[in-house]
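To keep things clear, I will list the structure first and then write my remarks on it.
The values are calculated or read from the model by the stated rules, or taken from the named source; none is laboratory data. Model, not experiment: these values are computed from the prediction. FYI the Cβ positions are ideal-geometry reconstructions off the backbone, even for glycines, and counts take in every protein chain you see.
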Amino acid sequence: MVIPAVKISKRAQTWSTDTLVAAAIFVLALIIFFYVISLSTEKNIVEELKLEGVKIPLKFVSSSEGNNDTLVFIIGNKVDKEKLQQIASMSYYDLKRKLGIKNDFCIYFEDENGNLINISDIVGIPVAGIGSPNVTISGIQCGNP
């Protein structure tokens, strides 16, 4: 009995070098695209934080004595302890909404040497500042929970 010879076809599917190079270029283009998108997003976040960082202090300061804005507690160069106490007793989320900001914040006071001024005695709450309860400064919770 004679066994017929098997022909091996050269038409079988194979990955050619051109296909592999094209796939590699496509994947590389996708990686570069998403990297550039993430960089622009990070820039936007940094710019937003800078703008909010400038915006927040302006909401708390007034140059005139007769300002009745509920958020103003610094008049001229003096802190109104009663207004500070009112603001510190507000819930963090209400204060954040009234300030019109999206990101977390903590406002604290330092003396001329950079030492933290504990406002717990002024506001009647054991906090280091006004803002997010998730932030701690020198081991003291920043805001009212």
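Is it true that Val36 is part of a helix (DSSP H, G or I), at pLDDT below 80 and among the β-branched types (Val, Ile, Thr)?
no
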Subset of segment 92-145 (residues that are part of a loop (DSSP other than H, G, I, E, B), touching a Phe, Trp or Tyr at 6+ places or on another chain (Cβ under 8 Å) and within 18 Å of Val61 (Cβ to Cβ)): Ile119
Segment 88-110 residues that are in contact (Cβ under 8 Å) with a residue 12 or more places away in the chain, paired with ones that are among the basic types (Lys, Arg) (beta carbon under 7 Å, 6 or more apart): Leu99/Lys59; Ile101/Lys55
Hits in segment 54-85 (condition: at pLDDT 80 or above and hydroxyl-bearing (Ser, Thr, Tyr)): none
